[in-house]
Amino acid sequence: MACKRKKKGDKEIQLTEEQKKILLAMAEMQGPVASRDIAEATGIPSKSLSCRIRSLKTKGLLESPARCKYEITEAGRQLIGA
């Protein structure tokens, strides 16, 4: 399955249910975490996470402070109300 791309000019950030689930789980985690930790917390297979993580990073909702580690940004926390 290919990653879906956001259309240019689309200002409103829209999230899929899986993306919301990822952000909610990451808001509860401490520090940067690996995709396997995200998979365990969300029940989403780790092989399915890469497109979702890439999309969340592009939207500025996740960041990668270290190779293969991710954490939620302040914008991500605000979007989900955490």
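The values are calculated or read from the model by the stated rules, or taken from the named source; none is laboratory data. Worth saying up front: this structure is predicted, and the values here are computed from it rather than measured. Every residue, glycine among them, receives a Cβ derived from its backbone with ideal geometry; neighbour counts consider all protein chains shown.
Take the stretch 13-27 and flag every residue that is out of contact with any Asp or Glu (no Cβ under 8 Å at 6 or more places or on another chain), hydrophobic (A, V, I, L, M, F, W, C) and part of a helix (DSSP H, G or I). ILE22, LEU23, LEU24, ALA25, ALA27 - these are the residues of the stretch 13-27 that are out of contact with any Asp or Glu (no Cβ under 8 Å at 6 or more places or on another chain), hydrophobic (A, V, I, L, M, F, W, C) and part of a helix (DSSP H, G or I).
Restricting the stretch 23-44 to residues that are touching a strand residue (DSSP E or B) at 6+ places or on another chain (Cβ under 8 Å) and β-branched (Val, Ile, Thr), the residue that is surrounded by the most Cβ atoms within 10 Å (Cβ to Cβ) is ILE38. Of everything in the stretch 57-82 that is closer than 14 Å to GLN14 by Cα and free of Cβ contacts under 8 Å to residues at least 40 places away in the same chain, the residue that is surrounded by the most Cβ atoms within 10 Å (Cβ to Cβ) is LYS57. The residues of the stretch 1-39 that are of a type outside the set (S, T, N, Q), within 17 Å of CYS68 (Cα to Cα) and modelled with pLDDT under 90 amount to a single one, GLY31. Note on the stretch 45-56: residues that are among the β-branched types (Val, Ile, Thr) and either assigned to a loop (DSSP other than H, G, I, E, B) or surrounded by fewer than 16 Cβ atoms within 10 Å (Cβ to Cβ) (or both) total 0.
Per this entry, LEU49 is not counted among residues that are modelled with pLDDT of 95 or more and not acidic (Asp, Glu).
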